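Notes follow once the structure below has been shown.
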Amino acid sequence: LRYSVPEDREPGSSVGDLAKDLGVEVRSLAGRNLRVVSEGGQRHFQVDLAAGVLLLGSRLDREALCGQSPMCALHLQLVMENPLQLHRVEVDVLDVNDNAPQFPKPEVVLEITEVANPGTRLPLEVAEDPDMGSNSISAYELSPSEHFALSINIRGDGVKMPEIVLEKALDREKVAVHHLTLTALDGGNPVKSGTAKVTIHVLDANDNPPVCDPPISTVYLEENVPVGTLVTKLNVTDLDEGPNGDMEYSFKISNNAPGKFIKLFSLDPRTGEIRTRGPLDYEESSAYEIAVRARDKGSPAMEGHCHLRVELIDVNDNSPEIVLTSLSSPVLEDATPGTVIALIGVKDSDSGDNGQVHLQIAKELPFKLVSSFKEHFSLVTNGPLDREKASGYNITVRAVDSGSPQRAMQKSFYLQIADVNDNAPNFSSPFDTAHVQENALPGTSVFSVSASDPDEGSNAKLSYSILHNGLQDVPVSTYFRIDQDNGTIYTVRALDYEQDKVFQVPIEVKDAGSPALSSTAVVHVFVLDENDNAPTIVYPSVPKGSAFHQTIPALAEPGYLVTKIVAVDADSGHNAWLSYQLQEDAEALPFQVERHSGEIRVAQALRESEDPHRLVVEVRDNGTPSLSASVVLVISPEENSVQDFSKSLDLPKSSPKDTNLTLYLIISLVSISLVSCVMFAVVAARCL
């Protein structure tokens, strides 16, 4: 944006309509925190957020701000947020004719020999006017004189130089002193002027002044030349001889920059050599105007004037400067490509190619630099960001100019990446196996599942819960509960192996992000059997407190099958291994019980007319502690009793294979369990 304002405008005056020129609504400016930043730290302007206009903050003085520069522009930066934007504003300060011309001295004394020929010129001091353009000095006027007239020469830089020209021969005896008035007029409206009194003394003799050849010259000099470098040697001649032809040189100082170039240049008063006295800096001043007076030693002395313009050639002696105007940190990891991260300004005090600056960042970073306008860049995202791979970036911006040799500067800053909930929790294993005793108390710890989430903060805060999978008739939550914070599974009630041998417990883990993400795993809980069921005798079925009566032939031989005790145990494994035995007091009886099959056989020949025998058979399991049951048998020998017990009871005859049936069943169960565990491990490995 470019505006212009006269330098005499009152503070608070409107400079430009920012809202209109930026194309934004006035009511949005306050919310976007519109603010103005002046380069150099000077606050000449302010923003009226209510009206959306740029206001003058203080009275401007163009001459104080820009000196004699033909253009006077103040550079501002407008910063708006949400989104972050930077606009450049240039305000041209227009000159107002507020300064009158002024001569360095109010009175000028000149001397001229009476033998001076018509056409002789007497240089005068140039009047100074801080105003520029049409408001600067436009003309000179000299009061009417019979002998003198005014002549104007234009210097190489366009400055008008007044000179008094002798038009008629002088006669010192008639008029020894001439009094004139020199007036300088500017081109403003209204016109302003300044005057100086000119007193001319007419002298005798020495009638040839020193002459500078050329009277106006230009020298080009690199800014980094060593102190003492010869700038030029003035070529001045005087046609007189002797003392009238010997000259002394001196600087001619004006009030434009009093004594300024004297600190930088030296003049040999005898030879007229001009050399550098101090270091020269193109950035401070690109050119110097030097006026030299050559005065001979005649009586009266005569003067000649040389004007030298020293123009400096820029050398790449300034490194670029990097200014981080704004930085948005942290930035979300899901920021779209092209998101503005930072606003960066660069400047180089050199000129031409030496002041052309290029910015660079490392190519492997997911960012790029975009030129907003001259010497201003935006750092934007150039690819996807992933906080889980890189939580931040150390970004180094390098500025390199186009000079020879090149000069560079770099600036580093840290950009933090903010987390987004883009990762679901992960179980260490999708399938797990746990075991619990069947009569464990409610609240017993069964298993602990663990999950991890690469996100951070609330996005990585996990909670566990049990899902209802619909595989059991009763919800699994009636059997188990889970600690939502640490994933530990507890029993809700005592479990019964005989009712449920295995449970599939589906676990869900969910993070606290928005939206929340989750994953599931299954824990197979196997209930371990306990010896909590005593054996049950199913044959013979005898009411409690009664005895079972069995008759056998009186002449039964040893090995004769009397009967068979059949018992079962609701437990499993070794808890269901049953053994049969007679109580200790039955050792003298002529019968024996097969330990594993429960068959009762005649152990020795029976005696004739033998009384009935009472046997107590005990059935005991293999659990710890062992549980048992017993049955009372009364066996009566009878002479006429003939009975095939196996056929009458329809029981299979004892086989040696029956003895090891339970053992085979246990071995089969163990084998199946091992195969299942191997299958679960293979499935889990493939899933991972």
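The values are calculated or read from the model by the stated rules, or taken from the named source; none is laboratory data. Not measured: the values here are computed from a predicted model. Methodologically, a virtual Cβ is constructed for each residue, glycine included, from the backbone with ideal geometry; neighbour enumeration extends over all protein chains shown. Heavy atoms of the whole protein, side chains included, go into the accessibility calculation; ligands, DNA and RNA do not. Shrake-Rupley method; radii C 1.70, N 1.55, O 1.52, S 1.80 Å.
Residue-wise test of (1) out of contact with any helix residue (DSSP H, G or I) (no Cβ under 7 Å at 6 or more places or on another chain); (2) surrounded by 15 or more Cβ atoms within 10 Å (Cβ to Cβ); (3) outside any strand (DSSP E or B).
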| site | (1), (2), (3) |
| --- | --- |
| Ala301 | yes, yes, yes |
| Val323 | yes, no, no |
| Gly338 | yes, no, yes |
| Ile341 | yes, yes, no |
| Ile344 | yes, yes, no |
| Leu365 | yes, yes, yes |
| Val370 | yes, no, no |
| Leu385 | yes, yes, yes |
Count of residues meeting criterion [in contact with a Lys or Arg (Cβ under 7 Å, 6 or more places away or on another chain) and open to solvent by less than 30 Å² (accessible area, probe 1.4 Å)] in the range 494-515: 1
Pair list, Cβ under 6 Å, 6 or more apart: the range 219-235 residue outside the structural domain of Asn354 (by the TED database), other residue part of a loop (DSSP other than H, G, I, E, B) and open to solvent by 90 Å² or more (accessible area, probe 1.4 Å): Asn235/Asp213
Flag if Ser4 is farther than 30 Å from Ser329 by Cα, at pLDDT below 80 and open to solvent by 30 Å² or more (accessible area, probe 1.4 Å): no
Matching option when the condition is on the phi < 0 side of the Ramachandran plot, open to solvent by 40 Å² or more (accessible area, probe 1.4 Å), not charged (D, E, K, R) and not assigned by the TED database to the domain that holds Gly31, among Ala64, Ala100: Ala100
In the range 549-585, the residues that are touching a Ser or Thr at 6+ places or on another chain (Cβ under 8 Å), assigned to a loop (DSSP other than H, G, I, E, B) and more than 13 Å from Arg620 (Cβ to Cβ): Ala554, Ala570
Meets criteria (open to solvent by 40 Å² or more (accessible area, probe 1.4 Å), closer than 29 Å to Leu234 by Cβ, at pLDDT 90 or above and not assigned by the TED database to the domain that holds Asp238) for Pro118: yes
Thr491 of a type in the set (Ser, Thr, Tyr), farther than 27 Å from Leu669 by Cα and either surrounded by fewer than 16 Cβ atoms within 10 Å (Cβ to Cβ) or more than 47 Å from the chain's Cα centre (by Cα) (or both): no
Selection count, the range 410-468, where residues are hydroxyl-bearing (Ser, Thr, Tyr), open to solvent by 50 Å² or more (accessible area, probe 1.4 Å), assigned to a loop (DSSP other than H, G, I, E, B) and at pLDDT below 90: 1
Any hit, the range 147-160, residues being in a loop (DSSP other than H, G, I, E, B), without any contact (Cβ under 8 Å) to a residue 60 or more places away in the chain and open to solvent by less than 40 Å² (accessible area, probe 1.4 Å): yes
Unmet requirement for Ser546, which otherwise passes all of (1) part of a strand (DSSP E or B); (2) among the hydroxyl-bearing types (Ser, Thr, Tyr); (3) open to solvent by 50 Å² or more (accessible area, probe 1.4 Å): (1)
Only listed residue being surrounded by fewer than 13 Cβ atoms within 10 Å (Cβ to Cβ) and assigned to a loop (DSSP other than H, G, I, E, B), chosen from Pro209, Pro214, Pro243: Pro214
Residue ID - nearest to Leu76 (Cα to Cα), chosen from residues in the range 12-39 that are assigned to a helix (DSSP H, G or I) and not β-branched (Val, Ile, Thr): Leu18
From the options Val634, Val617, residue that is within 21 Å of Asn533 (Cα to Cα) and assigned to a strand (DSSP E or B): Val617
Residues of the range 592-611 satisfying the condition of being open to solvent by less than 90 Å² (accessible area, probe 1.4 Å), at negative phi and without any contact (Cβ under 8 Å) to a residue 40 or more places away in the chain: Val593, Ile600
Pairs with Cβ under 8 Å, 6+ apart, first in the range 433-446 and of a type in the set (Phe, Trp, Tyr), second open to solvent by 70 Å² or more (accessible area, probe 1.4 Å) and at pLDDT below 90: none
Sole exception among (1) modelled with pLDDT of 85 or more; (2) open to solvent by 60 Å² or more (accessible area, probe 1.4 Å) for Glu39, by number: (1)
Test set (1) open to solvent by less than 40 Å² (accessible area, probe 1.4 Å); (2) more than 30 Å from Val37 (Cβ to Cβ); (3) among the small types (Gly, Ala, Ser) - Ala73 fails condition number: (2)
